[in-house]
Amino acid sequence: MTTKLSLSEVTLDVNGETVSGHVEARTSLADFLRDDLDLTGTHLGCEHGVCGACTVEMDGQPVRACITLARACEGRSVRTIEGGDDDPLMAALQDAFMEFHGLQCGFCTPGMLVACRDIILRHRALTDEQIRIALGGNICRCTGYVGIVNAVRSVFERRHELLAGDQTLVAPPVQPDWGDAKLATFKRTAGQMEAVEAAPSDGAGGDDQTLREAITVNKPVDEVWAFLSDVERVVPCVPGARLLSVNGNELDVEMEISLGAIRARFRGTGRYHFDDDTRKGRMEGEGRDARSGSSAGGGLDFAVIGDESGKRCRIEFVASYSVTGPLSQFSRGGLVKSFVGALAGMFADNVQSVLSGGQVSRGGGSGLSVVRLTLNVIKSWFQSLFRRE
Ligand code: FES
Ligand code: FES
């Protein structure tokens, strides 16, 4: 039997050059960089978003290339380790890694360097403990981290001198400290949803994020809307999510996530509102993981829009999510977004599968095994997605 592959064209900027390629729906950015562009400096370790070996920079933020879909990078700007040749900060980091013995086998090093550069740019002050926590998403099996921490500290102390006169490098906003993120809220404009920044969070160390996504489903708009407005059918499409009860427009949902050896189960309540006339809806909610004491919450606005053929439609959604407590330390802006993006892709595939009479994929095993990364994010996302959020 012959299997017919469906390829999508994607065009993006990689290390300052515009590149195009044809990718499968599930081709990762890492595979695209390595196999199509021969940029093999981006390494693949776990391929689950945990080890950080594949970390690259996208639109100025670090992301996991192994769980970032290549097709989602349309129009984005990506910088790999090969693109750091003219970057004085990256050059200083590479020298420091050699001077302080911050590498042995070198497998983790490209992703580690990308993450370290981001850490230095984002902070006004850095203790050794903060460096270690900030590097919690990058695993090294050789060095013991002492050399890496020393290397980062030495470059951080010289950062002003290294960045002097280079406006492109000082451009990224340096954050005064963690927990200073802003929670997005939503305002409606005619025919579309728009995310806007709201007041700062309570500063309790949380990590607030927003995400915009759109998926195309090969089904008529009425059929898709009927499905999306049925929470008992939609929630199981979210890997790791379980609908416990529905009471009116209120939900009780559980979201199980695993990140390596770390497991968390967020349970919370949510609310939803659907407008059949405009085919728009909103879900919001909040939950807590009893074991870690972390909390997550968020909201999701979505709209279903039919195309001219009447055979397909587009689902657009904007989500906000926020995590506070111990688990929030695993969450870093760009990494979280790439992770959530992978979840969104799995959700989209499940929706498509169910609408076509197929089965839901749980992502492998119990809980959320495929996408095991930032617990906070996931939860937040799901809470946003289904219980509400
Ligand atoms: Fe491990 Fe991507 S390969 S996080
Ligand atoms: Fe070998 Fe980090 S230097 S894994």
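Read-outs: derived from the displayed coordinates by stated rules, not from any lab. For clarity, every value in this text was computed on a predicted model and none was experimentally measured. Heads up, the Cβs are rebuilt from the backbone with ideal geometry, glycines too, and the neighbour counts pull from every protein chain shown.
Points to keep in mind about this one:
- Take the Cα of Ala125, step 7 Å toward its Cβ, do the same at Val146, and the gap between the two points is 2.7 nm.
- For Ser353, Ser6, order by how many other beta-carbon atoms lie within 10 Å, fewest first: Ser6, Ser353
- Sorted fewest first by neighbouring Cβ atoms within 10 angstrom, Glu99, Glu47, Glu57 come out as Glu99, Glu47, Glu57.
- Computed packing ranks the peptides 29-41, 108-120 as 108-120, 29-41, most packed first, by mean other Cβ atoms within 10 Å.
- Compared with the direct C-alpha span, the chain from Ser77 to Asn218 gains 47.8 nm at full extension, assuming 0.36 nm per residue.
- Residue-by-residue Karplus 3J(HN,Hα) for region 131-141, coefficients 6.51, -1.76, 1.60, Hz, glycine and proline x: 4, 5, 5, 4, 8, x, x, 10, 9, 10, 9
- One chain, two ends: Glu250 and Glu17. Fully extended at 0.36 nm per residue, the span grows by 79.0 nm beyond their Cα-Cα distance.
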